[in-house]
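Participant: Provided herewith is a single structure, encoded as structure tokens, for subsequent inquiry.
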Amino acid sequence: MNYGIQISASGALASMHKQDALTGNLANLGTAGFKPIMAGTQFRPAVRQEDGLFNLDSNAMLERLGAGVLSAHNKINFAQGALVMSSSDMDLAIEGSGFFIVQHNGGQALSRDGRLTVNADGVLVQSTSGRPVLDPNNNQINLNPSNGLFTFHSDGLITQGDAAVGQLGLGDVADRSILTKHGQGLFVSKFGTPLSIQDGHGAFQQFATEASGVNEIDALMQIQSASRSAQSNIGMIDMQNRMMDKAINTFGRIA
């Protein structure tokens, strides 16, 4: 393949990947506790450098050109979202660091979505996924709504009247770069291993939810920028195709 086409193709693919990730962010503008993806690109070295084939002959000038760009590994922006007041006593937000600990596939996952409810079995669950929300010992929390309204305290203590009826767990991990999205607002280990959960350091706030971390204007501008970049690279591919066609079918015949 023409080297210029190869470089342009890598730029187009990276830009389209970035556009897809940013569009996914924008689609979750109204999702409570949503944390946006930060998509980017990285320089791709020449093939001899990338594959470690330094024993082969090469052209120093071409190696300085590199091989275009690649999509960088996606990162998650865990910045605090705005707190939105709610009229439901079962809506909670976390102010500061930490996550709700949620039961998932026999283990634990993390989430910032604090829209809760009590299911038919009396278990405290996320209202969107139906997954149980766990206490600090990774046990389900059983509650009886018929005994009155619940008060969720900043440290996670749950009371009904003057009686303590449960305790919410607030968890975190030492290195958040190991976390990946798993849908429905859950975060799990990208390696497929159980999470090593430690205590979080935030505070719960009742009658509130955490807004999505997506900035609408910023997301739209980045999508437009990625779209223009993809179109420019596709235009370069088309131009180089026409140059190759002319070189073969016009100058080649003259020669």
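Participant: Using only helices, what value at 222 nm comes out for the chain when you add -39,500 (n - 2.57) per DSSP H run of length 4 or more and divide by the total residues, to the nearest 500 deg cm²/dmol?
Facilitator: Numbers: 4 runs with 66 residues, N = 255.
That comes out to -8500 deg cm²/dmol.
Participant: Still on this structure, please answer the following. Can you count the Lys pairs in the chain whose Cα atoms are under 15 Å apart, with each pair 8 or more apart or on different chains?
Facilitator: Lysine pairs meeting both conditions in the chain amount to 6.
Participant: Follow-up. Report the net charge of residues surrounding Gly169, where surrounding means a beta-carbon distance below 10 angstrom and charges are Lys +1, Arg +1, Asp -1, Glu -1. Please list the in-between numbers first.
Facilitator: Working: positive: none; negative: Asp135, Asp199.
Net local charge, Gly169 excluded: -2.
Participant: Which angle between 0 and 90 degrees, to the nearest 10, do you get for helix 216-246 versus the longest principal axis of the chain when only C-alpha atoms count?
Facilitator: Computed tilt is about 20 degrees.
Participant: Could you work out the Rg to Rh ratio of region 83-210, with Rh taken as the Kirkwood radius (inverse of the mean 1/r over all Cα pairs)?
Facilitator: We get a ratio of 0.95 for region 83-210.
Participant: Using amide H atoms built in the peptide plane, which far-off residues or other-chain residues are under 5 Å from Leu157 H to H?
Facilitator: Leu168
Participant: Further question: What order do you get for 234-246, 32-44, 181-193 when each peptide is scored by the mean count of other beta carbon atoms within 10 Å, highest first?
Facilitator: Top of the packing list down: 32-44, 181-193, 234-246.
Participant: With springs connecting C-alpha atoms under 10 Å apart, model the chain as a Gaussian network and identify which of Ala163, Ala79, Ala230 has the largest mean-square fluctuation.
Facilitator: Ala163
Participant: Let me ask something additional. Under 5 Å between amide hydrogens, which residues at least 5 positions from Ile76 or on another chain qualify, with H placed 1.01 Å from N in the peptide plane?
Facilitator: Placed amide hydrogens put Met38 under 5 Å from Ile76.
Participant: Now for a different question. Only Cα pairs under 8 Å and at least 6 apart count here; give the relative contact order of region 83-210 as a rounded whole percent.
Facilitator: In percent, rounded to a whole number, it is 36.
Participant: Also: Kirkwood hydrodynamic radius (Cα pairs, Å) of the chain?
Facilitator: Numbers: mean 1/r = 0.0463 Å⁻¹.
So the Kirkwood estimate lands at 21.6 Å.
Participant: Can you list, largest first and rounded to whole Å, the semi-axes you get for region 73-139 by taking the square root of 5 times each eigenvalue of its Cα gyration tensor?
Facilitator: Numbers: eigenvalues 86, 61, 21 Å².
Ellipsoid semi-axes (Å, largest first): 21, 17, 10.
Participant: Pick from Ala120, Ala72, Ala93 the residue whose mean-square fluctuation is largest in a GNM of the chain, springs joining Cα atoms under 10 Å.
Facilitator: Ala120
Participant: Under the rule of at least 5 residues apart or a separate chain, name every residue whose amide H is placed under 5 Å from the amide H of Gln108.
Facilitator: Hits under the 5 Å cutoff: Leu195.
Only the coordinates and a few stated rules stand behind these numbers; no lab work does. This is a predicted model, so every value here is computed, not measured. Note that we place each Cβ from the backbone using ideal geometry, even for glycine, and neighbour counts take in every protein chain shown.
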